[in-house]
Amino acid sequence: MSLDKISILMPFKNTAEFLPECLDSVLEQNYINWELLAVDDHSSDQSRAILTSYAKEDERVTVVDNDGSGIIPALRTAYAISNGNLITRMDSDDLMAKTKLERMANKLVMARPGHVALGQVKYFSSTGISDGYARYEKWINDLTANGNNYNEIYKECVIPSPCWMVYRQDLDAVGAFTPNRYPEDYDLTFRFYQYRLRCIPCSQVLHMWRDYPTRTSRTSKHYAQNYFLDIKVHYFLKLDRNLHRPLVIWGAGAKGKTIAQLLLKNNVEFHWLCDNPKKIGKKIYGCELLPFTFMETLKNPQSIISVANTEAQKDIRHYLKGLGLDSADFFFFC
């Protein structure tokens, strides 16, 4: 249906082992009106040679050097030379389903600007997928199936970086790749949320996510847990914090402590709850740890919940709803 040109932004670095399969999956797309902007982030293997050979065979493939170093400068470089009306990303070690571009473009054109088209994802690996990745895959696909991805945005990145598509005008409106904030995909997702781009539901797997020990999200410091928590706190204070309501942190484990430090750094006052009798009454960073029942003394509080245990989260949710609070009043940060 859609004839709009799609610009595919693809940074690459030392992925020669996977590039032919990746590029073939792009070339085999049903949708043919696309351009692939491949940006070499200082590769030291045969990646550049492989991309160059593909570019010689297909004029839709363009290969350039990164103007800086890292994924964010590479994305800026790619975006600056792109000219499609629809914008998407690709990772140089992953695979596209044959109908990926077609399905996403058609849905986005039908919905018009103000939307983000999504696809479900599937992990694959030569060594098998861990339970953690399997749970994440199911979680993000369940959200995508209904288009309610933002409902759990503070838990984890709810839009997979290589499986979204937006209009250029919307990407420009949210700031494209201007911020120097990692993880860059999570930061962009929060800006989609901030500018109220509506997620278009999708029930099909459109992207295959390759897992292996040296992939960037496993090895780069920019994808460590502290970077995720920094983004969560930054956008919570910017988008969802109500200064007229008391703020509560639930949990005094490693994540709870990091959240507390970030709030203190921003001069944000809060109450700190935990269920460990050995910690209750003691102080961490000058803040006294309080029992959960302290919630009953507060009027209309907001809560940041750092408790990771699934059953404990259910208990906390039930308890808060019993106090007359709903899901807009508490935010799960894990």
### Summary
Using alpha carbon centers only, the stretch 129-180 is separated from the stretch 1-65 by a whole-angstrom value of 22
### Query
On full extension of the chain, what length is gained from Asp24 through Phe292, given 0.36 nm per residue of separation minus the C-alpha to C-alpha distance?
91.0 nm
### Query
Taking the Cα centre of the chain as the origin and placing charges on Cβ (Lys, Arg +1; Asp, Glu -1), which of Ile50, Ile129, Leu27 is farthest toward the positive end of the dipole?
Ile129
#### Entry: Compactness of the stretch 225-332 - radius of gyration and Dmax, Cα, Å
12.9, 35
### Message
Which residue, Leu264, Leu247, Ala308, has the largest displacement toward the positive end of the dipole of the stretch 225-332 when charges sit on each Cβ (Lys, Arg +1; Asp, Glu -1)?
### Response
Leu264
### Query
Most fluctuating residue of Asp275, Asp131, Asp67 in a GNM of the chain with Cα springs under 10 Å: which is it?
Asp131
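For the chain, report the translational diffusion coefficient in µm²/s to the nearest whole number, using Stokes-Einstein at 10 °C, 1.306 mPa s, and a Kirkwood Rh over Cα pairs. Don't jump to the answer; show the numbers that get you there.
Values: Rh = 21.4 Å.
So the translational diffusion coefficient is about 74 µm²/s.
What does the charge dipole of the stretch 225-332 about its Cα centre add up to, to the nearest 20 debye, if the Cβ of each Lys and Arg holds +1 and the Cβ of each Asp and Glu holds -1?
Here the stretch 225-332 has a charge dipole of around 260 debye.
I want the antiparallel fraction of DSSP beta bridges within the chain, as a percent rounded to 5.
Values: 9 of 45 bridges.
Roughly 20 percent of the beta bridges in the chain run antiparallel, per DSSP.
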### Query
Of Ile87, Phe331, Pro183, which is farthest on the positive side of the dipole of the chain, counting Cα position, with +1 on Lys and Arg Cβ, -1 on Asp and Glu Cβ, and the Cα centre as origin?
Phe331
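If you put +1 on each Lys and Arg Cβ and -1 on each Asp and Glu Cβ, how big is the dipole of the stretch 6-220 around its Cα centre, in Debye rounded to 20?
Working: 23 positive and 28 negative charges, 153 e Å.
Computed about the Cα centre, the dipole is about 740 debye.
Every read-out reported here was derived from the displayed coordinates using simple, explicitly stated rules and does not represent laboratory data. Owing to the predicted nature of the structure, the values given are computational and were not obtained by experimental measurement. Quick reminder, even Gly has a Cβ in these numbers, built from the backbone with ideal geometry, and neighbours come from all protein chains shown.
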